[in-house]
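This report refers to the structure that appears directly beneath it.
None of the figures in this text is laboratory data; all of them are computed from the coordinates on show. Worth saying up front: this structure is predicted, and the values here are computed from it rather than measured. Cβ placement follows ideal geometry from the backbone for every residue including glycine, while neighbour counts extend to all protein chains displayed.
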Amino acid sequence: MASSTTTLKGDEFDRQLFESVLKRRFFFTEAFEIYRLSPNFKGDNRGLFDYGPPGCALQANIVDMWRKHFVLEENMLEMDCTVVTPELVLKTSGHVDKFADWMCKDSVKGDYLRADHLVATVLKARLARGTRGLVKDSPNLEQATIDEYNGILAKIDNYDGDGLAELIKQHGIRNPENNNEVLPPVPFNLMFKSTIGPSTAAPIYLRPETAQGQFLNFKKLLDYNQGSMPFASASIGKSYRNEISPRTGLLRVREFLLAEIEHYVDPEKKQHPRFREVSDIVLPLLDRETQLSGKTTSRTITIGQAVESKVIDNETLGYFMGRIMLFLAKLGVDQSKVRFRQHLANEMAHYACDCWDAELLTSYGWVECVGCADRSAYDLTVHARYTGTSLAVKEVLPEPVKVEEWQATLDKKRTGPRFKKDAKVVQSAVEALDQVALESLAAELEKNGAVVIETPALSDGTMNVELSQELLAISKITRLQSIREYTPNVIEPSFGIGRILYSLLEQVYWHRPNDAARAVLSLPLAVAPNKVLIAPLSSHPQLNAISHRLSARLRKMGIANIIDASSASIGKRYARNDELGTPLGMTIDFDTLTDGSVTLRERDSMVQVRGLEDEVMAAIRGLLEGTETWEQVTGRMEVFGAQEEDY
């Protein structure tokens, strides 16, 4: 198992030192920092961050690679939907009532703590101390206690509020910062609420995901796609969650960038035409049964085997899990620090029937970075039912077939006078009922003589109506069907770009041997903020002119680069660009003026080659396009023997 506490080169990982590098090189900073440092600032800026130039460029490169890997490769239909979302939309989707975490309140200070994180933090600390013989009055934890704690941690995501309350009481869980008792957990909705316009009667939320905008536009997307199924939409944009107690830097924030895919598929045909391309990929899977048994060790299995054995439910879900794995590999993520963990029943989002998280191993432990959920037909169904707008697919059958189905019929002569201007709303609500609902309502109507139908808000503010047998009839009919109508299921891969970015930076971080002050970020060329450093050895005007000409050539090739013509030694200039993750460095000296040659340095090995300007440019292009490796470059070009100047 890969270690979460070592650098890329195997040295002990020092998170404080690592994050100091990121902040010093301005990958990110806390938002409103100068106000936070002011004695008059009383706000809460936790979980809010600004990206600096290298962080912004790294994020943009990850998004660009995501768009090429998914949107372009899969011919997805990309959308950009509004962040501001009417309350009614999120009420219908279930987010207003169910999008919550459990939180505990410090009984003395009044601080709020996320309950599952509190339990996990305390138990992990006890395990760390107890297994090293550091628990007061107890040289070691009993093996039974160790097993019990590990079992709880393995399924911590499966506890509801009552379960967490019992754990806190049974194990004497207190606030680890001050040892204060905490109150029993209560639910806390994670969405930011506001109003739109001058009226407080128009409540809105900042979206917690990009999905709802895509679902509400499904009918237009289907028309744009000429009615062809299956297909996928995609969206990249900011989302917002009012985290209870964000304490883990970029990993748990209140504003974040999501890249989400909604793949619409026939519920009876969840095969994927490109499944063979990923079926042999081996995935490390931590399935539901393993977690419930108290274990956290994943098993490796090919996607084909996992789908065949129903560990992964269907081909489309398996296909996207394979594509996720390939995408993470392209970014440079350590494949030994990736696993796919299946959601437990109690942690499953209200809209999902199955979900696997691609988790990356960091110094904080395993971190969910990508969710791959089967949302079934939940979202399209509830929005269609509420609005009375069909969000179904109509498929012409090659041959008509006999079908038995439930049919609801309203007596319009009676419903018109009874509901007046609300009659069309009631009719739309009845027409939106699916077969499962109709079968249940038929039995209820037969038994009770009346049923209650959920509707959009009527003129008197109510959101349901009672329909008696005089107004509504539900019967089973047989008919010839030439057009099949169905509501698609949705497979949703959802990528937390900030979490991927931070986890990648941890995994590529290391320092030069015996010198922790010389940090290096071994970012792949594809995602590195700048690809090439241009460093003239002197401030001589002719060398500066060459530097700017080379920079212009690289920019014309679409290659991001930076000129460092400062008075610092060449060693220091290399070192600070190593911290920025810049893979290549071009050095210009006075020999360049006489023979046109320049030096090309590779970041990780510090090996340098010398060649004519055009040769070096060709090498850079080859390295970026993947048509040449650094070993091939050093094999065909002269290795430059000069030593780097002292740091």
> If each residue's Cβ is checked for other Cβ atoms within 10 Å, how do Trp356, Trp406 rank with the fewest at the top?
Replying inline: Trp406, Trp356
> So what's the angle, to the nearest 10 degrees on a 0 to 90 scale, between helix 435-448 and the longest Cα principal axis of the chain?
Replying inline: 30 degrees
>> Test of understanding: ordering Phe419, Phe640 by Cβ neighbours within 10 Å, fewest first, what list do you get?
In response: Phe640, Phe419
>> As I understand it, the value is the acute angle between the Cα axis of helix 53-66 and the longest principal axis of the Cα atoms of the chain; what does it come to in degrees, rounded to 10?
In response: 50 degrees
> If you place +1 on the Cβ of every Lys and Arg, -1 on the Cβ of every Asp and Glu, and leave all else neutral, what size is the dipole of segment 100-189 about its Cα centre, to the nearest 20 Debye?
Replying inline: 360 debye
> Based on Cβ point charges of +1 for Lys and Arg and -1 for Asp and Glu, what charge dipole magnitude is obtained for segment 398-486 about its Cα centre, in debye rounded to the nearest 20?
Replying inline: 420 debye
>> Quick check of the Kirkwood formula: for segment 530-639, what is the inverse mean of 1/r over all pairs of different Cα atoms, in Å?
In response: 13.8 Å
> Going by average Cβ neighbours within 10 Å, how do the peptides 28-39, 271-282 rank, with the highest at the top?
Replying inline: 271-282, 28-39
> Do you know the relative contact order of segment 100-189, to the nearest whole percent, from alpha carbon pairs under 8 angstrom that are 6+ apart?
Replying inline: 45 percent
>> I need the calculated FRET efficiency for the pair Ser475 and Glu12, taking r as the beta carbon distance and R₀ as 60 Å, to the nearest 0.05.
In response: 0.25
> Of the beta bridges DSSP finds with both residues in the chain, what % are antiparallel, to the nearest 5?
Replying inline: 90 percent
> In this model, which of Lys124/Lys295; Lys220/Lys420; Lys91/Lys193; Lys98/Lys421; Lys155/Lys269 are farther than 21 Å apart at the alpha-carbon?
Replying inline: Lys220/Lys420; Lys98/Lys421; Lys155/Lys269
> In whole percent, what relative contact order does segment 513-647 give with Cα contacts below 8 Å and a gap of six or more residues?
Replying inline: 26 percent
> Once you wrap a convex hull around the alpha carbon atoms of segment 411-517, what is its projected area averaged over all directions, in nm²?
Replying inline: 14.9 nm²
>> Calculate log10 I(q)/I(0) of segment 199-256 for q = 0.15, 0.25 Å⁻¹, where I(q) comes from the Debye formula with a single equal point scatterer on each Cα and nothing for solvent.
In response: -0.66, -1.01
>> Can you tell me which aspartates and glutamates have their Cα less than 19 Å from the Cα of Lys412? Leave out same-chain residues fewer than eight positions away.
In response: Asp422, Glu431, Glu454, Glu466, Glu470
>> With the crude spin-label approximation of a point 7 Å out along Cα→Cβ, what separation in nm comes out for Lys402 versus Ala618?
In response: 7.5 nm
> Separation between the Thr82 and Lys124 pseudo-spin-labels, each 7 Å from Cα along Cα→Cβ, expressed in nm?
Replying inline: 4.0 nm
>> Can you tell me the orientation of helix 15-24 relative to the chain, as the angle in degrees between its alpha-carbon axis and the longest Cα principal axis, to the nearest 10?
In response: 80 degrees
> When you count, for each residue, the other Cβ atoms within 10 Å and take the mean per peptide, how do 176-183, 331-338 rank with the highest first?
Replying inline: 331-338, 176-183
> Where does each of Cys353, Cys81 land when they are ranked from fewest to most other beta-carbon atoms within 10 angstrom?
Replying inline: Cys353, Cys81
> Where the convex hull is taken over the Cα atoms of segment 100-189, what is its projected area averaged over directions, in nm²?
Replying inline: 5.8 nm²
> Between their Cα atoms, which of Lys337/Lys531; Lys238/Lys270; Lys105/Lys169; Lys270/Lys310 are more than 23 Å away from each other?
Replying inline: Lys337/Lys531; Lys238/Lys270
> Taking Cα pairs under 8 Å and at least six residues apart, what relative contact order does the chain come out at, in percent?
Replying inline: 13 percent
>> Can you tell me the convex hull volume per residue for the chain, based on C-alpha atoms, in Å³ to the nearest whole number?
In response: 224 Å³
>> Show me the GluC sites (Glu not before Pro) within segment 541-647 that DSSP assigns to loop and that have at most 10 other Cβ atoms within 10 Å of their Cβ.
In response: none
